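Input: a single structure, listed below in structure tokens.
The values are calculated or read from the model by the stated rules, or taken from the named source; none is laboratory data. Since we're looking at a predicted model, the values are computed, not measured. We place every Cβ from the backbone using ideal geometry, glycine too, and count neighbours over all the protein chains shown. Ligands, DNA and RNA are stripped out before the accessible areas are found, and what is left, the full protein with its side chains, is counted by its heavy atoms. Shrake-Rupley method; radii C 1.70, N 1.55, O 1.52, S 1.80 Å.
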Amino acid sequence: MTEFRFYHLVRQPLTAVLPVLLEKSLERDWRCVVRSPVPDRIQALNRHLWTYREESFLAHGTDSEGHAADQPIWLTFEDENPNGAVILFLIDGADTDAGRQYDLVCLLFNGNDAEELNKARSQWQRYKDDGFTLSYWQQSEAGGWEMKRKTDGGETN
């Protein structure tokens with residue numbers, strides 16, 4: 001069953017957090033899709049993932065490059081899974097109707113943006129009502145993540 005994880009960004013921006021989560025996913029041999037409803041964000045991420053760290057890069061592709069099936073990470077503004085990904089990252093308030101296609105869906109939202117925060121709250125309720133397992137993670141002062149809440153198909157822990 002698909003698990004949805006909500007990552008509440010309060011200490012670091014998306015551009016710092018997302019590459020680390022993508023690296024950890026690839027270490028587990030998980031293909032990824034990153035979805036934003038903002039085409040300009042996809043282009044910015046496309047450039048960022050090639051240069052975010054001096055000593056390495058994250059191999060990825062977009063519609064403009066093609067060859068989705070060959071890409072370990074696919075950046076898109078469509079609700080698609082063209083590379084057979086097992087994990088979906090939703091950013092910038094992106095949503096999905098295809099959550100069951102993935103083992104894991106991660107929603108990353110800016111806790112300092114009221115619109116993104118409200119969107120994440122409504123998404124939490126929607127996915128909870130749909131019976132998904134949900135967990136809520138917040139950045140800790142030490143730089144890691146703390147799980148603050150979990151629901152298991154509708155029940156809260």
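A few notes on this one:
- Taking each residue of region 55-80 that is under 17 Å from Ser25 (Cβ atoms) and free of Cβ contacts under 8 Å to residues at least 12 places away in the same chain and looking for partners that are open to solvent by 30 Å² or more (accessible area, probe 1.4 Å) and hydrophobic (A, V, I, L, M, F, W, C) with beta-carbon atoms closer than 7 Å, six or more apart or interchain, yields Phe57/Trp50.
- Restricted to region 124-140, and to residues there that are free of Cβ contacts under 8 Å to residues at least 60 places away in the same chain and either assigned to a helix (DSSP H, G or I) or within 18 Å of the chain's Cα centre (by Cα) (or both), the residue that is surrounded by the fewest Cβ atoms within 10 Å (Cβ to Cβ) is Asp129.
- Residue match in region 66-82 (condition: closer than 23 Å to Ser135 by Cα and among the hydroxyl-bearing types (Ser, Thr, Tyr)): no
Each row is one residue, and each column tells you yes or no for (1) modelled with pLDDT under 95; (2) under 23 Å from Ala120 (Cβ atoms).
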residue	(1), (2)
Val38	yes, yes
Leu45	no, yes
Thr51	yes, no
Gly84	no, no
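- Of all residues making up region 95-122, the number that are over 20 Å from Val10 (Cα atoms) and in a strand (DSSP E or B): 1
- One residue from Glu23, Glu80 being under 19 Å from Tyr102 (Cα atoms), among the acidic types (Asp, Glu) and touching a Phe, Trp or Tyr at 6+ places or on another chain (Cβ under 9 Å): Glu80
- Complete set of residues in region 1-44 that are assigned to a helix (DSSP H, G or I) and over 26 Å from Ala142 (Cα atoms): Pro39, Asp40, Arg41, Ile42, Gln43, Ala44
- Region 74-103: number of residues that are touching a helix residue (DSSP H, G or I) at 6+ places or on another chain (Cβ under 6 Å), open to solvent by less than 30 Å² (accessible area, probe 1.4 Å) and over 16 Å from Phe4 (Cα atoms): 3
- Among residues of region 43-70 being closer than 21 Å to Leu107 by Cα and out of contact with any helix residue (DSSP H, G or I) (no Cβ under 9 Å at 6 or more places or on another chain), the one that is least open to solvent (accessible area, probe 1.4 Å) is Asn46.
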